[in-house]
Amino acid sequence: MLRFRQLTRKQKEKICNGCGSKGGFINPPEFLFHASCDHHDFLYWLGCTEDDRLKADKSFYKYMQLDIVNEDSFIKRLYYKMLAYIYYKAVRIFGKKYFNYAYEKRTKI
């Protein structure tokens, strides 16, 4: 199975675009979530079933939580946690049309 960490820089550029939909008209601020957004783009590119989409979205939320730095002030951490939740809900609501629904996951780029 193809893994995100195995991708070359060129492959990541082809698949990933950070936060927001590729070619979409809404590009939310990335703050510290760029890497989490790229990983989520990769999981959506792999695609497969609705269950895989849910797993991708939950993984996205989990990784955004890990991006939040404990050394930041309480207010800043709270703000980032709110943003992470909003981003998670946005992909749950609006992400369906960007997911690669298929009988099996992609294995090649």
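In table form, for the structure just shown:
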| quantity | calculated |
| --- | --- |
| Per-residue Cβ neighbour rank within 10 angstrom, fewest leading, I15, I86 | I86, I15 |
| T49, T107 arranged by Cβ crowding within 10 Å, fewest neighbours leading | T107, T49 |
| Of the DSSP H helices in the chain, those whose Cα atoms cover at least 15 Å axially and whose Kyte score averages 0.0 or more | 74-94 |
| Computed [θ] at 222 nm, deg cm²/dmol, the chain (DSSP H ≥ 4; -39,500 (n - 2.57); rounded to nearest 500) | -17500 deg cm²/dmol |
| Coordinate range along principal axes, alpha carbons of the chain, Å, largest first | 44, 29, 26 |
| The chain, dipole about Cα centre (Lys/Arg Cβ +1, Asp/Glu Cβ -1), debye to the nearest 20 | 280 debye |
| Listed residue (Y98, A56, S73) projecting farthest to the positive dipole end of the stretch 11-109, Cβ model | Y98 |
| 5 angstrom amide H check on C48, placed H, neighbours 5+ away | N100, Y101, A102 |
| Proximal lysines to K97, defined as alpha-carbon separation beneath 28 angstrom and excluding residues fewer than eight positions away on the same chain | K10, K12, K14, K22, K55, K58, K62, K81, K89, K105, K108 |
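Values quoted throughout were computed directly from the atomic coordinates according to the rules given, and no laboratory measurement underlies them. These numbers were taken from a predicted model, which means no experiment stands behind them. No Cβ is skipped: glycine too gets one built from the backbone with ideal geometry, and neighbour counts run over all protein chains shown.
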